[in-house]
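The values are calculated or read from the model by the stated rules, or taken from the named source; none is laboratory data. Keep in mind that what you see is a predicted model, and the values were worked out from it rather than measured. Virtual Cβ from ideal backbone geometry, glycine too; neighbours counted across all protein chains shown. Ligands, DNA and RNA are stripped out before the accessible areas are found, and what is left, the full protein with its side chains, is counted by its heavy atoms. Shrake-Rupley method; radii C 1.70, N 1.55, O 1.52, S 1.80 Å.
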Amino acid sequence: MSETAPLTREIALRLALAVREIPELDLRGFIGVVSERLGLPLTADKLGGVTVADLNLWLAGENGKTTIDKEAIKRAVRLLWGEGVDDGLPKPQPYADGDLPNSLRVAMASNNGELTDGHFGSCQRFLIYQVSTTDSRLVAVRSTAEADAEEDKNVARSALISDCQLVYVQSIGGPAAAKVVRAGVHPVKWPAGGPVANALAKLQTAMLAPPPWLARVMGVEPASLARFAEDTEVEEAES
């Protein structure tokens, strides 16, 4: 969002959850309204001072009234305050370059906990892992809330994971996949979804004798693709 200051992960999460309570709202527009009313940068203290009357006023039309459900506005305000905003996500572990030699950085499209259960264009966050053949480490959790406020959210989402070599998704459309590839990231379909650990275990096995698409990512000689592709349903997304 070039016209606003960057949002912290906590603030972006509060705003995104508040918008979900009010389907009539657009995330980008809502962030603009809140930023104009409260001033930048948006902070937890500023959001904590928002009242139901404030939000009613901000969302009112030219006639000074809003048709938005009052209970929904109350829920949204509590989320802006941070009440109930406990995402239950796993905590990243410390990591420094070189900690896991010959490793890949992998993004997992996720909506719930430590699961690969998201569509690229609609997942709530990306879980970022550093993965070698013998170990894996969660190094970051990145909310997509701020990216979704950009004019082209798929470009913004691609930029969010541009330091990764792979991104695992349950599904991804062709145009979005092309934008991911242009960002230097290889999209991998994982239709069955499920625990991240399952996908990482399959990837680690594949890294020992990589199929052609993975060998290109790793910069090594390819091995046979057949068995891995049959067993895991991992597919190379077209660019």
Please compute the per residue accessible area over region 6-70 with all protein chains in place, 1.4 Å probe, rounded to a whole number of Å².
57 Å²
Output the relative contact order of region 109-166, whole-number percent, from Cα pairs under 8 angstrom with separation of 6+ residues.
24 percent
One finds, for Leu40 and Ala72 with R0 = 35 angstrom and r their Cβ-Cβ distance, a FRET efficiency to the nearest 0.05 of 0.85
Mind checking the dipole of the chain: about its Cα centre, +1 per Lys or Arg Cβ, -1 per Asp or Glu Cβ, Debye to the nearest 20?
180 debye
Between Asp135 and Ser162, what is the spin-label point distance in nm, taking each point 7 Å from the Cα along the Cα→C-beta axis?
2.9 nm
Simple SL model, points at 7 angstrom along Cα→Cβ for Val181 and Glu151; separation in nm is 2.5 nm
Given a 1.4 angstrom probe, I'd like the percentage of the accessible area of region 74-127 that is carbon and sulfur, rounded to a whole number.
45 percent
Ordering Thr144, Thr205, Thr134 by how much accessible area each has at a 1.4 Å probe, largest first, what is the list?
Thr134, Thr205, Thr144
So which DSSP H runs in the chain come out at 18 Å plus along the axis (Cα) with average Kyte-Doolittle of at least -0.5?
196-208
Taking only the alpha carbons of the chain, the radius of gyration and the largest Cα-Cα distance, Dmax, both in angstrom, are 20.2, 67
Whichever lysines have a C-alpha closer than 16 Å to that of Lys70, once near sequence neighbours (fewer than 8 apart) are set aside
none
